[in-house]
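Below is one structure; the comments refer to it alone.
The values are calculated or read from the model by the stated rules, or taken from the named source; none is laboratory data. In this text the structure is predicted, and so the values were computed from the model without any measurement. Backbone-built Cβ (ideal geometry, glycine too); neighbour counts: all protein chains shown.
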Amino acid sequence: MPESDASAGEPAPISLLSPGVSIAEAEDPNRPKRVMGFRDLVLFYVVTGISLRWIATAAAAGPSSIVIWIGAWFFFYTPLALSVLELSSRYPNEGGLYVWTKRAFGDFSGFMSAWCYWACNLPYFPAVLYFAASNALYVRQDAWGHLSNNTTFYILFSLAALTVATLLNVFGLDVGTWLHNLGALAMWIPVGIIIIMGGVAWYRYGAATPLTVHSMIPSTHFNDIIFWSVLIYAFAGCETASLMGDEIKNARRTIPWALFIAGATVTVCYIVGTLSVLVALPASQVGNLQGLMQAISATAHRIGFEGVIPFAAFLIALSNVGAAGAYLAAVARLPFVAGLDRFLPPVFGALHPRWKTPWVGLLTQWAFGVLFIFLGQAGTSIKGAYDVLVAMGVITYFIPFAYLFAAMIKLQREPAGPDVIRVPGGKRVARLVAVVGLMTTTFAIVMSVIPQPDEANKPLAVLKVVGLSGLLVLMGAWIYWAGKRRAART
């Protein structure tokens, strides 16, 4: 691992993992490692970069979300992709933003960026699995539809899916990648279905939602601005594969093209998918949790193609379980590297004796994910729990992005080697891009604290979001300093 910034005033902790060695080789260098090629990487970026739930959320807000999609792509995804591109080519080793932040600001900042990135998945997993559960009901809508407000069903579905995704990743990338790739492919087909069916419905009956220049102008009312942070959040994900830099084949060449293709795919899918839902249904009838399946179901009944409903529902559920599995695979590397650097107990830096995976980090994520499934649901409705989990996810996820953009600014001081892929325009443009990303990130964090307008118990929602997010951050700081004291005694 790179050494700490000299300003930290402390020696870099000993790393047991040599640069260029993947975790799959750490204990058995003769074992052929499973690396991601270009196709795997594109599919990985797609499954972590696109979430069908945001298409439903955007459609529920109406046609103005199309302009917000474009703004989120320009002000957040583009700065993020350019920063990831340069930083991953400067420092391509395993660890990603942990490595970059640690190099720029020292051990504590590196650990906290990694901790928050890892912790943000604790509310993420229940949220994405709640979405999967709500759409899975359409596989047998007549028989299972009554479960749409049944909290027990949502909890049991989330527990089962989280367990399966965790076990597949414990078995290694050889097995886990199949779930990621299936999830990516399963995401394309429902989007294609709603686009085709929306086109047929528009041709036969016209658009269910008026699509005019006036209707596409975003509202500047405060309650509507709160919604913008969610669509900014939807574009996060292009930094995930860099956490596994040593497990990507020819990372410096593969990542740029994969980022470009995946970024274009993500943007087109979000915009076209949202338009197709609005063509199929009035915005007032679209829900956050089941909006995409509502549109597919309504359109299928209108054009007489009901047979596609259970097929699409199964694929939407599979795609979101695949996304959860992909994030599990990526973020488990963070406690692994932190364990090697002695910030966490050494057991976190140990690999499974058979499958050579960071199994302690994966199982720890599973345990905390289970806890947050119950905490998010406590004292609120299913939708209220979902909104709280999303807001917590945005806050804890975007703290590492603030570190990432700040590191991008500071690390411009370091000389760039001939293999580094620079932001076009050099240091000045790179710093400007990072500043734009940092401002957008800060905006999203602030907006996420404010509860949704339809939340019945706003004080409880704010308490959950701020209290649980703050607790996660403080827990990370305590773990860091406890690790420093433990290391000083040995």
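For segment 387-410, does any single residue satisfy the condition of being over 15 Å from Tyr124 (Cα atoms), touching a helix residue (DSSP H, G or I) at 6+ places or on another chain (Cβ under 9 Å), basic (Lys, Arg) and in contact (Cβ under 8 Å) with a residue 24 or more places away in the chain? Checked against the condition, which is being over 15 Å from Tyr124 (Cα atoms), touching a helix residue (DSSP H, G or I) at 6+ places or on another chain (Cβ under 9 Å), basic (Lys, Arg) and in contact (Cβ under 8 Å) with a residue 24 or more places away in the chain, segment 387-410 yields at least one hit.
Run down Ser83, Ser89, Ser65, Ser134 and say which single residue is of a type in the set (S, T, N, Q), over 15 Å from the mean Cα position of the chain (by Cα) and surrounded by fewer than 24 Cβ atoms within 10 Å (Cβ to Cβ).
Ser89
Only one entry in Ala434, Ala444, Ala406 is in contact with a Leu (Cβ under 7 Å, 6 or more places away or on another chain), closer than 30 Å to Asp224 by Cα and modelled with pLDDT of 90 or more, namely Ala406. Would you pick out the residues in segment 136-149 that are under 13 Å from Ile296 (Cβ atoms) and modelled with pLDDT under 90? If the condition is that a residue be under 13 Å from Ile296 (Cβ atoms) and modelled with pLDDT under 90, then Gln141 is the only one that fits. For segment 263-310, the set of residues classified as more than 23 Å from Ile68 (Cα to Cα), surrounded by fewer than 24 Cβ atoms within 10 Å (Cβ to Cβ) and touching a residue at least 24 places away in the same chain (Cβ under 8 Å) consists of Ser297, Ala300, Arg302, Ile303, Phe305, Val308, Ile309, Pro310, listed by residue number. Are there any pairs with C-beta distances below 7 angstrom linking a residue in segment 313-333 that is closer than 13 Å to Ser134 by Cβ and touching a residue at least 12 places away in the same chain (Cβ under 8 Å) to a residue that is of a type in the set (Ser, Thr, Tyr) and surrounded by fewer than 24 Cβ atoms within 10 Å (Cβ to Cβ), with the two at least 6 apart or on different chains, and if so which? The qualifying pairs do not exist here. Of all the criteria given as (1) farther than 25 Å from Phe125 by Cβ; (2) among the aliphatic types (A, V, I, L, M); (3) modelled with pLDDT of 80 or more, the one not satisfied by Ala312 is (1).
Within segment 303-324, the set of residues being more than 20 Å from Ala280 (Cβ to Cβ) and either in contact with a Gly (Cβ under 8 Å, 6 or more places away or on another chain) or of a type in the set (Val, Ile, Thr) (or both) comprises Leu318, Asn320, Val321, Gly322, Ala323. Kindly establish whether Val175 is surrounded by fewer than 17 Cβ atoms within 10 Å (Cβ to Cβ), modelled with pLDDT of 80 or more and closer than 30 Å to Val360 by Cα. No: the conditions fail for Val175.
Residue pairs whose Cβ atoms lie under 7 Å apart, sitting 6 or more positions apart in sequence or on different chains, and linking a residue in segment 425-441 that is among the polar types (S, T, N, Q) to a partner that is surrounded by 14 or more Cβ atoms within 10 Å (Cβ to Cβ), are Thr440/Phe75; Thr440/Phe76; Thr440/Ile232; Thr441/Phe398; Thr441/Phe401; Thr441/Ala402; Thr441/Phe405. Pull up segment 54-63, narrow it to residues that are within 13 Å of Ile271 (Cβ to Cβ) and assigned to a helix (DSSP H, G or I), then point me to the one that is modelled with the highest pLDDT. Of everything passing the filter in segment 54-63, Ala58 is modelled with the highest pLDDT. The single condition from (1) surrounded by 16 or more Cβ atoms within 10 Å (Cβ to Cβ); (2) modelled with pLDDT under 85; (3) not β-branched (Val, Ile, Thr) that Ala378 fails is (1). Selection of segment 444-460 for residues being in a helix (DSSP H, G or I) and under 19 Å from Tyr233 (Cα atoms) yields Ala444, Ile445, Val446, Met447, Ser448.
Considering the conditions (1) under 28 Å from Pro453 (Cβ atoms); (2) modelled with pLDDT of 85 or more; (3) of a type outside the set (Gly, Ala, Ser), Ile194 is excluded by exactly one of them, (2).
Only one of the listed residues (Phe405, Phe372) is assigned to a helix (DSSP H, G or I) and either of a type in the set (Asp, Glu) or under 24 Å from Pro92 (Cα atoms) (or both). That residue is Phe405. Restricting attention to segment 203-232 and to residues that are among the polar types (S, T, N, Q) and in a loop (DSSP other than H, G, I, E, B), the residue that is surrounded by the most Cβ atoms within 10 Å (Cβ to Cβ) turns out to be Thr209.
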